[in-house]
Structure formats: structure tokens, C-alpha cells
Amino acid sequence: MEKKKIKNIIFDLGNTLIFFDFWYFYDGLSRLEKNLNLKKFVKFINEKKLDTKLATGKINHKEFFRILKKKFNLKTGYKDFIFLYSDIFWENSPMLSFLEKIVEEDKQKIYLLSNTDSAHFGFITKNFPVISNIRYRILSYKVAMMKPQSKIFNFVINKYNLNPDETLLIDDMKDNIISASKTGLQTLHYKTHKKFQKEIKNFLFV
């Protein structure tokens, strides 16, 4: 099988390069807030779409904190709250090694496209410095768009003048893969690293 000519690679961040689980935040906060009804807390965030508003820059973290503090009478201070909110990540070691290899070989331009917010991204760049090797970053909270909206993929294509046929998106979310494919981007759905190692060979000589 002839490999596609890939000149650009767009990496997703969460659960692709870096694993995360929001329940670390919820569990950590509930240990400090003994009277917190965790089910209602999570439901409120989801119903008010506070996470989406953060990820699109519509509210900042102090506003996020104030809303929740008032609604649930939180006793936890802002500093501890934001640490718990941010400390939900751990590295996907084989994928970070793959990223380092791609950066070192310098055969493709590397991009980062992530639904994220300033606190999370700040925590990640501080604790996983390899991410700083990605020069071109499209972050949802800065562009006020989120995957799987097709407009964010078109934004990336137009901003960097990419040829979609020569551009590979690696993402763990099926909806993102489907949406990106409709813009003409090449896509690889990241599920397990073992599967990824087999599938990436259809795109790159690795």
C-alpha cells in the first residue's frame, strides 16, 4: 500500500498525547467539601455548560470559581480549587515519545489542536514540557471555537494554508474524526497505542 504524502500532523491533546480524567477534580473537591452533593455539582456544571464556556473563553476561571462557590457554598479557597481543577492529567508516555521523534526528524510540520482552557494548558506546559515543542497551537479558548465544529478545522486549514490531503489529524474522539474528514483532512482515530502503531504506518515511514 502506497503511503499518503503527509507534510503536516495535527495532534489532539487530551487522551491522545496526555491522558486526563475530570473525576480527579470532582473527587478531590468532594474530599475537602464534606457537605458537597457531588452528583448535583457535576450536573450543574454540565447543565450550565460551564466547562464549554471555559473552553471557549466565554468565562474565566475566577468567574467559574465564583459561580460554583456561591451555588454550593464552597469553603475551599481559589488557589486550592484551581489546583484540583488542573491536576487531572498524566502522560501517555509512548505518544510523547512518538511526538519527540517526529519533532526531532523534522520531516513534517507539527500542530496542536485542543479543546482546552488557560488553566489546563498552563498546567500541561509546566508539567509536560515536551508539549512546548509544538510551535503551532490552536487552542479552543483562544479562538472561541471547539471540536467537533467543522469551522475550527477550516480555521486551521486556512490560517496555516494547509493542503488537507497532506495533513493528518490524530484525535481520540470519533466525532472529531468524522467532522475533520468532511473538510478533507486525513485522519487517524487514536484508540490504543498498539493499534496506533500499526495504523500510523499507512501515513508515515516510522
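None of the figures in this text is laboratory data; all of them are computed from the coordinates on show. These numbers were taken from a predicted model, which means no experiment stands behind them. Cβ coordinates were reconstructed from backbone atoms using ideal geometry, including for glycine residues, and neighbour counts include every protein chain displayed.
Show log10 I(q)/I(0) for the stretch 47-130 at q = 0.10, 0.15, 0.25, 0.26 Å⁻¹, two decimals, from a solvent-free Debye sum over equal Cα scatterers. Listed by q, the Debye log ratios stand at -0.36, -0.68, -1.29, -1.35. Starting from the Cα gyration tensor of the stretch 23-86, take the square roots of the eigenvalues, sort them a ≥ b ≥ c, and report rounded, prolate or oblate (rounded when a/c is under 1.5, otherwise prolate if a/b is larger than b/c, else oblate). Prolate is the answer for the stretch 23-86, as a/c is 1.5 or above and a/b outweighs b/c.
Could you pull out the trypsin sites (Lys or Arg not before Pro) across the stretch 71-116 that fall in loop regions by DSSP (anything but H, G, I, E, B) with no more than 15 other Cβ atoms inside 10 Å? Within the stretch 71-116, the qualifying trypsin sites (Lys or Arg not before Pro) (loop, at most 15 other Cβ atoms within 10 Å) are 75, 107. Among the listed pairs 107/198; 43/70; 49/182; 109/201; 48/69; 39/71, which are separated by more than 23 Å between their Cα atoms? From 107/198; 43/70; 49/182; 109/201; 48/69; 39/71, over 23 Å: 49/182.
The fewest-to-most ranking of 42, 156 by surrounding Cβ atoms within 10 Å reads 42, 156. Across the chain, C-alpha contacts under 8 Å between residues 6 or more apart give a mean separation that, scaled by the residue count, equals a relative contact order of 31 percent. Between the entries (1) 18.4, 60; (2) 18.7, 80; (3) 21.0, 73, the label attached to Rg and Dmax of the Cα atoms in Å calculated for this structure is (1).
Post the alpha-carbon centroid distance, the stretch 177-201 to the stretch 54-127, in whole angstrom. So the two Cα centres are separated by 23 Å.
Taken about its Cα centre, the chain carries a charge dipole of about 740 debye when Lys and Arg each add +1 at the Cβ and Asp and Glu each add -1 at the Cβ. Remark: the residue 105-residue 47 segment gains 16.4 nm on full extension, using 0.36 nm per residue and subtracting the alpha carbon distance.
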